[in-house]
Each structure stands twice: as C-alpha cells, then as structure tokens.
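Just below is one structure, and these are the notes that go with it.
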Amino acid sequence: MLQRNRKNKTHKTFMALSALCLSLGLVLGGCSLFDSPSNPDTTVSSVGPSTSEISLKTTTTESLTTSVLTSSSVNLTNTEITEESRETETTDKPAPTPEPTTPQTTLPETEESSLPSPTPVPEAPSKSVIKPAASPSPLPTPTPTPTPAPVMEVSFSITVDPYLVENPDEIKDEVARGMVTAYNGVFRSASAVPIREEDTALSVLLQICRQENIPLEVEEQFLGAYVKSINLLAEKMAGGVSGWTYEVNGYQPPLGADRYELEPGDVLEWIYIKG
C-alpha cells in the first residue's frame, strides 16, 4: 500500500514536470520566431533563425529542463522521506488496546405471527365472602366505688334547766348553786363526739366526763343504771322530783340510758330538770 502511494505521487510529479518543460520550450521557441530583425535592410531570406541561435536556445532549454528536473527530484525525494518518517512513526506507535466489551446475548427473534394466540382463560365466578361480625370486646368491669362509711359521731351537751339558771336560789345546796351560776347552766356545750358501734347514751356520758374531768355519780338500780349527780349537782337539790334525765333528738326514750344505743348523727342532751 505504501509503495503504491509512492508510485502514484512520483508519476503525478513527473507528469507535472514534463508539462512544465514543454510549456517552457514552446514559450522560448515562439519568442525567437516572432523577434523582429535588428537590421531593416535584412532580406527575406534571413527571416528564419540561424543555426547557431537554434543550438544556443536548445542548449539553454535543456539546461533549464535538467535543473528543474533535478530540483523536482530532490524535492520529491525529501517529500517521500518526510512521508516515510511520518508513516514509520505512525506504524511504530502501539495500537490502542480496545476496551473489553460485555458480550450481549441476543435472543432469537420470534415472529409474532408464528406464535399461537393465547386461549382466554375463563374467569372464575367471584364469591362474596361473608366475614363473621367481630364480637365486641368485653367492657372492663368497673371498679366499685367504695361507699364512704357514715361518720360515727353524735352531738353531745350537759345543761341545767333555764328556770333554775334564772332562779338559782331554788337550789338548796350552796356548792351546787355556785357551780350552776359559774357555768351559767351549761356544764358542757353541744359539740360532735365520736362514737363506736353499740355505744349507748350512758357510755358516751361516761367517756366525756372521764376525758374532761367532770365529776359523775351513777347508781345501779333494778330498772338499770341511774345517773345520780353530774358536776356536784345531784338529784332532789331543787325539789323532791328534780334530777338528771336524757333526750335523744328532742324526746325522752322509754329505756334506761345504759340500754339505748346511739346512731351516727343523733343529738344527745343530758339535762337537769326541776320536775
């Protein structure tokens, strides 16, 4: 391939030089033919060029052609050497290593027309599934709220009949009369007193007198316990039938004080009456 290219370039260059030389010969020959004679008296026979002139022109033409061919050959040789060096450099360079490519698997094409058309699959009838209703979750058992226990207490007081308070001289015992006057007939004002189950009117009286250091005298009789004196004021000091009695919620119970059981919220009053 390289030698063929060189031959083609040499042939083209040679053809160009041949044409150039031919053109130069024609130009030089034409100029000599059409030159005017320097002597006007020259005859017609002397119009053509002389033998010496033709020889000189031929020699000149050959020399010029030789120099042109020589320079062209040198130029052609230099050009070929340059092209050979370029081609050698190009040939000496290692060819780039091609990058490895992943082989692609090509599936054979299948003509769609050759495949049989798929047979439609009949749809199965839809079945409605009835889910059983979810049973409601049982409600949490409410924690019973404890019923507050009733307050176990009663109202309690110890007083003297207002008539004797206004007329203290009716009381024959001087000490007792002084006690009634000093307390203005109220030995113990009404206030809440805690009780226990099965407490009676007498048990509560004993408890309060013991806690507040109030003198108390009780006698056991056939019908039950009898309160004879409270805070030094005893029976019959203001008359034959005067003495201590008790009331619950404003009335006198038909039982002895040691047998009447109190309930929470009761109002218990011990009163000294004239009778």
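Have a look at 226, 246 and point out the one that is modelled with pLDDT under 95, in the same structural domain as residue 200 (by TED's automatic domain parsing), within 12 Å of residue 201 (Cα to Cα) and not in a loop (DSSP other than H, G, I, E, B).
Values: 246 fails: modelled with pLDDT under 95.
Result: 226 is the single residue among 226, 246 that is modelled with pLDDT under 95, in the same structural domain as residue 200 (by TED's automatic domain parsing), within 12 Å of residue 201 (Cα to Cα) and not in a loop (DSSP other than H, G, I, E, B).
Residue pairs, Cβ under 7 Å, 6 or more apart or interchain, first in region 134-153 and modelled with pLDDT of 80 or more, second assigned to a loop (DSSP other than H, G, I, E, B). List them.
152/195; 152/196; 152/264; 153/195; 153/264
Answer yes or no: is there a residue in region 159-169 that is surrounded by 13 or more Cβ atoms within 10 Å (Cβ to Cβ), free of Cβ contacts under 8 Å to residues at least 24 places away in the same chain and under 17 Å from residue 275 (Cα atoms). Give the derivation first.
Here is the first cut: in region 159-169, the ones surrounded by 13 or more Cβ atoms within 10 Å (Cβ to Cβ) are 159-161, 164-165, 168.
Retained after the next criterion (residues that are free of Cβ contacts under 8 Å to residues at least 24 places away in the same chain): 165, 168.
Among the residues that remain, those that are also under 17 Å from residue 275 (Cα atoms) are: 165, 168.
The answer is yes; a qualifying residue exists.
Restrict the check to region 182-191 and report whether at least one residue is more than 16 Å from residue 159 (Cβ to Cβ), in contact with a strand residue (DSSP E or B) (Cβ under 8 Å, 6 or more places away or on another chain), surrounded by 13 or more Cβ atoms within 10 Å (Cβ to Cβ) and at pLDDT below 95. Can you show your working first?
To start, the set of residues in region 182-191 that are more than 16 Å from residue 159 (Cβ to Cβ) comprises none.
Looking for residues that are more than 16 Å from residue 159 (Cβ to Cβ), in contact with a strand residue (DSSP E or B) (Cβ under 8 Å, 6 or more places away or on another chain), surrounded by 13 or more Cβ atoms within 10 Å (Cβ to Cβ) and at pLDDT below 95, one finds none in region 182-191, hence no.
The values are calculated or read from the model by the stated rules, or taken from the named source; none is laboratory data. Source: prediction; values computed, not measured. Neighbour counts are summed over all protein chains in view; Cβ atoms, including those assigned to glycine, are modelled from backbone coordinates with ideal geometry.
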